[in-house]
1. Pick out the one residue from M79, M106 that is of a type outside the set (S, T, Y), modelled with pLDDT of 95 or more, assigned to a helix (DSSP H, G or I) and touching a Ser or Thr at 6+ places or on another chain (Cβ under 8 Å).
2. Considering the stretch 72-121 alone, what residues qualify as being buried (at least 17 other Cβ atoms within 10 Å of the Cβ), more than 23 Å from V24 (Cα to Cα) and polar (S, T, N, Q)?
3. Would you check if W22 is surrounded by 19 or more Cβ atoms within 10 Å (Cβ to Cβ), part of a helix (DSSP H, G or I), among the hydrophobic types (A, V, I, L, M, F, W, C) and modelled with pLDDT of 95 or more?
4. Could you tell me whether T84 is assigned to a loop (DSSP other than H, G, I, E, B), more than 20 Å from S32 (Cβ to Cβ), in contact with a helix residue (DSSP H, G or I) (Cβ under 9 Å, 6 or more places away or on another chain) and of a type in the set (S, T, Y)?
5. So for the stretch 42-64 (the condition being out of contact with any strand residue (DSSP E or B) (no Cβ under 7 Å at 6 or more places or on another chain), charged (D, E, K, R) and either under 14 Å from P16 (Cα atoms) or open to solvent by less than 30 Å² (accessible area, probe 1.4 Å) (or both)), does at least one residue qualify?
6. Going by what's in this entry, would E15 be described as in a helix (DSSP H, G or I), over 21 Å from I101 (Cβ atoms), open to solvent by less than 80 Å² (accessible area, probe 1.4 Å) and at pLDDT 95 or above?
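The values are calculated or read from the model by the stated rules, or taken from the named source; none is laboratory data. Owing to the predicted nature of the structure, the values given are computational and were not obtained by experimental measurement. Neighbour counts run over all protein chains shown; Cβ positions are idealised from the backbone, glycine included. All accessible areas refer to the heavy atoms of the entire protein, side chains included, with ligands and DNA or RNA removed. Shrake-Rupley method; radii C 1.70, N 1.55, O 1.52, S 1.80 Å.
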Amino acid sequence: MKESAQRKRSARSTEPRVGIFWLVNQNLLIDSTLLSAAEEYDQFKIHSGNHVSVWEKFRQNGTAPREMEYEEAPRGRVMHNTKTRRFTLLADKCILKNKRIVRKIMSEMSLPSKTTDKGTDSHYRCFACLYGSSEGLL
């Protein structure tokens, strides 16, 4: 009986997650939900939190810099398509070009590399990318 409970806990800790994230001063800030508890939206499973309200919570509790707005830092989202059974990691190009950071997101959210697609989206562009810095924020 004890062994069964340990296996359940172990499986739960490796269960993939969906959520939102930022990269602030080389630190990842992630707010996520286990896939089994995620909200359904059309054919997707998503995290119910949004960048605006979660960032405000992070600012209030000191996780994020109080002087920084949510759209200033590179950010992204992970969702799961229930029809194709694939994850999509959408992020600012400043994040996607940094393989170490992408691996860390994948690891912390327990995303399977074989069934996770990565790409950009116009919603997830930091100020540096929006206003023309070729280096971005990294």
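1. Working: M79 fails: assigned to a helix (DSSP H, G or I).
Criteria check complete, one pass: M106.
2. Scanning the stretch 72-121 gives a single hit, T116.
3. Taking the combined requirement at face value, the residue does not satisfy it.
4. Yes.
5. No, there is no match, as no residue in the stretch 42-64 is out of contact with any strand residue (DSSP E or B) (no Cβ under 7 Å at 6 or more places or on another chain), charged (D, E, K, R) and either under 14 Å from P16 (Cα atoms) or open to solvent by less than 30 Å² (accessible area, probe 1.4 Å) (or both).
6. Numbers: in a helix (DSSP H, G or I): no; over 21 Å from I101 (Cβ atoms): yes; open to solvent by less than 80 Å² (accessible area, probe 1.4 Å): yes; at pLDDT 95 or above: yes.
Answer is no for this residue.
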